[in-house]
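Reviewing the structure listed below.
The values are calculated or read from the model by the stated rules, or taken from the named source; none is laboratory data. Since we're looking at a predicted model, the values are computed, not measured. As a convention, Cβ positions derive from the backbone with ideal geometry for all residues, glycine included, and neighbour counts pool all protein chains shown. Areas reflect the complete protein model, heavy atoms only, side chains present, ligands, DNA and RNA absent. Shrake-Rupley method; radii C 1.70, N 1.55, O 1.52, S 1.80 Å.
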Amino acid sequence: MNTRPIHLTVNNQGYEVLVPEDATLLELLREEIGLTGTKEGCGAGECGACTVILNGKPVNSCLVMALECEGASVRTIEGENADGELSDLQKAFIEHNAFQCGFCTPGMIMSARALLDTNPDPTHDEIKEAMEGNLCRCTGYEAIIAAIEAVGGIQK
Amino acid sequence: MPGFLQPTTLEEAFALLDGKGETRFLAGGTDLLVLLRLGAISCDNVMDVKRIPELSTLRLTDETLEIGAAWTCNQILAAPEVGSEYAPLRQASAALANSLLRNRATLVGNICNASPGGDMLPACLVLEGSVVAASSRGERTIALKDFFTGVKKNVLKPDEIVLRTVFPRTQGRGTYLKKKRIHGHDLAQVSVAGFYADDGHLRLALGAVAITPLLLDFGVIPAAELPARRTEIIEAVAAAAKPITDVRASREYRLAMGRLFTERIIDGLIDGSLGLAEDRPCTTPAREAVTA
């Protein structure tokens, strides 16, 4: 398989990487750049475990070709504690017991982050809609939504 | 896996298509990449068309609304040009899969994929949509009522790139109703779009009840005549639907829900509850009892 160079920004750090033509953004992040916080679940856009923020929009990175991302800005779960401290969302997920096995959590947090970036005080229904594409098989969704509501500043 | 092509002009795209084997077009990739990975389809090249400027425009003129092939469902929902008079289109955009996928999935991709259960298809049909396709031989406009030929089949030639979807400017009342098994993760078990133009022209379209989406054009029916023709319209829709039983629903369930949705649309037009400014999908609860 041919490889090609690609330039992109991940968590505010610039990268120039050689990637196979058929690589996905998920594979670029995990295999080429070494950011393994983003998980592969279904590999078919069903589960949302691989969610990252691509140019400001949350997407399934398993369904984005790496070479589509020339010049792109990507944010992953590793960007949440870039300064060495857990982010507000990460702390809220811990406080609300919003994960058990944790496999879906990086994707959950990236979808939530993208929502809060554009809508800092979302309603319960807006949170549910934004999180529709992220599946959790152990915790259920109430604790996850509660964690996001807490960061959004919603008073119950 | 196929090679990856990424032209930045139409001319470059046409040149890349010439003699290079079978090429599949990548817009959102939400169907294409899944099918390639599964091995359900194969091709020599994948062509990312999103860097071609002609595919990235959205334009509202005095006569038409034109939506470029690179426009995603969520972009369409955020576009002020796509107003409430295009309610079926907006509601179908909001009903397609989930927000993550809507950030990638495109209107034109959904049309070209030509799944009988594709959300955008009935909505586009009742709004008299057409697509403009281009090749090295020139451009042609294809009305969507003549576009679909079978399950995941359409009239496009292998070297034709769809540039945009075009809708006439319109005024009227419309909606898109979708039944699905799981909120956020399913194609339609059955879907019905309806649009009643201010001049009295009534169009209904159904998804997932035949090998292609079905358009039923009832012509002009004055509002005062709708109550008297209610049964005739509903029976015409029921007679046209030829669903099968598959993993998503039984034939009988599809027939019952198709009829129910049709009744809701016609009754909403008669009693005025089906208004102009419905911006959200009118999905009904998944566990709703069948009361046909």
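The table for this structure:
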read-out: Residue among A:GLU40, A:GLU16 that is part of a loop (DSSP other than H, G, I, E, B) and open to solvent by 30 Å² or more (accessible area, probe 1.4 Å); value: A:GLU40
read-out: Residue ranges of strands (runs of 3 or more DSSP E) in segment B:78-186 with at least 1 members among the charged types (D, E, K, R); value: B:138-143, B:161-168, B:172-179
read-out: Pick from segment A:117-144, criterion within 14 Å of another protein chain (Cβ to nearest Cβ) and among the aliphatic types (A, V, I, L, M), ranking: farthest from the chain's Cα centre (by Cα); value: A:ILE127
read-out: Per-region count, segment A:1-10, residues surrounded by fewer than 18 Cβ atoms within 10 Å (Cβ to Cβ) and in contact with a helix residue (DSSP H, G or I) (Cβ under 8 Å, 6 or more places away or on another chain); value: 1
read-out: Only one of A:ALA98, A:ALA82 that is among the aliphatic types (A, V, I, L, M), open to solvent by 50 Å² or more (accessible area, probe 1.4 Å), more than 9 Å from chain B (Cβ to nearest Cβ) and within 16 Å of the chain's Cα centre (by Cα); value: A:ALA82
read-out: Selected residue (only one of B:ILE41, B:ILE111, B:ILE52 is at pLDDT below 95 and among the aliphatic types (A, V, I, L, M)); value: B:ILE41
read-out: Hey, A:ILE148 in contact with a Gly (Cβ under 7 Å, 6 or more places away or on another chain) and away from every other protein chain (no Cβ under 12 Å) or not; value: no
read-out: Condition check for B:GLU128: away from every other protein chain (no Cβ under 14 Å) and either open to solvent by less than 10 Å² (accessible area, probe 1.4 Å) or modelled with pLDDT of 95 or more (or both); value: yes
read-out: Scope segment B:1-10; condition assigned to a loop (DSSP other than H, G, I, E, B) and within 9 Å of chain A (Cβ to nearest Cβ); matching residues; value: B:MET1, B:PRO2, B:GLN6
read-out: Residue that is farthest from A:MET131 (Cα to Cα) [pool: residues in segment A:54-75 that are more than 10 Å from every other protein chain (Cβ to nearest Cβ) and assigned to a strand (DSSP E or B)]; value: A:SER73
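A quick yes/no check of all residues on (1) within 14 Å of chain A (Cβ to nearest Cβ); (2) touching a helix residue (DSSP H, G or I) at 6+ places or on another chain (Cβ under 8 Å); (3) open to solvent by 10 Å² or more (accessible area, probe 1.4 Å):
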{"position": "B:THR165", "(1), (2), (3)": "no, yes, no"}
{"position": "B:PRO168", "(1), (2), (3)": "no, no, yes"}
{"position": "B:ILE182", "(1), (2), (3)": "yes, no, yes"}
{"position": "B:VAL192", "(1), (2), (3)": "no, yes, no"}
{"position": "B:ASP199", "(1), (2), (3)": "no, no, yes"}
{"position": "B:ALA205", "(1), (2), (3)": "no, yes, no"}
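Listed here are the residues, each with its yes/no results for (1) within 11 Å of chain A (Cβ to nearest Cβ); (2) closer than 30 Å to B:VAL192 by Cβ; (3) outside any loop (DSSP other than H, G, I, E, B).
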| residue | (1), (2), (3) |
| --- | --- |
| B:GLU12 | no, no, yes |
| B:GLY21 | no, no, no |
| B:PHE25 | no, yes, yes |
| B:THR30 | yes, yes, no |
| B:LEU36 | yes, no, yes |
| B:GLU66 | no, yes, yes |
| B:ILE76 | no, yes, yes |
